[in-house]
Amino acid sequence: MRSRLATRSARLALAAVATLALGGAATATATADSGSSTTQPCATSDLSFKVTSETQAGGYYLITAKAKPGIVCHLEGVFPSASFGSSPDTEVSPAEQSVSDDVVLGGAATAYAGINPKTTNNDYGVQFDRLHLSVAGDEENSVTLRLPDTATVDRPIATNWHADPADAVPFTG
């Protein structure tokens, strides 16, 4: 019986061994099905991030991710793991109902995600000036980003990662 207290690195090592055991055919099928290249998945530490404030769709934060020099990786087309504080109420929920195409990063290639901090139509919310962000599945290595302005947060949502910033607008309703 596996211990529930196994370290994340031990679990990742087991997953890697299991993946290798499945063989090349499964890998080729997964790559063909997802539209992804044979690049490694991005870890939070592989990327540099920038946050800008946008006015479209009632206002949101556009997160820009680029691979650090010498790194080529891909971001899965799911929403980033993000929160404005430590309370579960400040964690972002998905704005999209399906997985998008993976985004391969390296060189000048960029990925974009949009985060709307307030999706409610009321005067409630808690104010924050920082965002905790990581690649989904790499929450232990999150980064803290200063927001360009103070955000009032109430039921925040985030889009998936996209190659086009126009696809990263978190429309609500």
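Look at Gln97 and say whether it is open to solvent by 40 Å² or more (accessible area, probe 1.4 Å) and either under 18 Å from Leu62 (Cβ atoms) or in a strand (DSSP E or B) (or both). So that I can check it myself, show each step before the final result.
Details: open to solvent by 40 Å² or more (accessible area, probe 1.4 Å): yes; either under 18 Å from Leu62 (Cβ atoms) or in a strand (DSSP E or B) (or both): no.
Judged against the criteria, Gln97 is not a match.
Does the range 49-66 contain at least one residue that is open to solvent by 40 Å² or more (accessible area, probe 1.4 Å), touching a residue at least 60 places away in the same chain (Cβ under 8 Å) and either in contact with a helix residue (DSSP H, G or I) (Cβ under 8 Å, 6 or more places away or on another chain) or farther than 21 Å from Thr150 by Cα (or both)? No, there is no match, as no residue in the range 49-66 is open to solvent by 40 Å² or more (accessible area, probe 1.4 Å), touching a residue at least 60 places away in the same chain (Cβ under 8 Å) and either in contact with a helix residue (DSSP H, G or I) (Cβ under 8 Å, 6 or more places away or on another chain) or farther than 21 Å from Thr150 by Cα (or both). Scanning the range 159-173 for residues that are out of contact with any helix residue (DSSP H, G or I) (no Cβ under 9 Å at 6 or more places or on another chain) and open to solvent by less than 10 Å² (accessible area, probe 1.4 Å) yields a count of 1. Looking only at the range 116-135, decide whether some residue is outside any loop (DSSP other than H, G, I, E, B), farther than 17 Å from His74 by Cα and aromatic (Phe, Trp, Tyr). Within the range 116-135 (the criterion being outside any loop (DSSP other than H, G, I, E, B), farther than 17 Å from His74 by Cα and aromatic (Phe, Trp, Tyr)), the answer is yes, since at least one residue qualifies.
Given Ala109, Ala82, Ala113, which one is surrounded by fewer than 18 Cβ atoms within 10 Å (Cβ to Cβ), in contact (Cβ under 8 Å) with a residue 12 or more places away in the chain and closer than 15 Å to Leu47 by Cβ? Give the derivation first.
Details: Ala82 fails: surrounded by fewer than 18 Cβ atoms within 10 Å (Cβ to Cβ); Ala113 fails: surrounded by fewer than 18 Cβ atoms within 10 Å (Cβ to Cβ).
Matching residue, one of Ala109, Ala82, Ala113: Ala109.
Restricted to the range 130-148, and to residues there that are open to solvent by 40 Å² or more (accessible area, probe 1.4 Å) and touching a Phe, Trp or Tyr at 6+ places or on another chain (Cβ under 9 Å), the residue that is nearest to Thr39 (Cα to Cα) is Ala136.
The values are calculated or read from the model by the stated rules, or taken from the named source; none is laboratory data. In this text the structure is predicted, and so the values were computed from the model without any measurement. No Cβ is skipped: glycine too gets one built from the backbone with ideal geometry, and neighbour counts run over all protein chains shown. Surface accessibility is based on the protein's heavy atoms, side chains included, excluding ligands, DNA and RNA. Shrake-Rupley method; radii C 1.70, N 1.55, O 1.52, S 1.80 Å.
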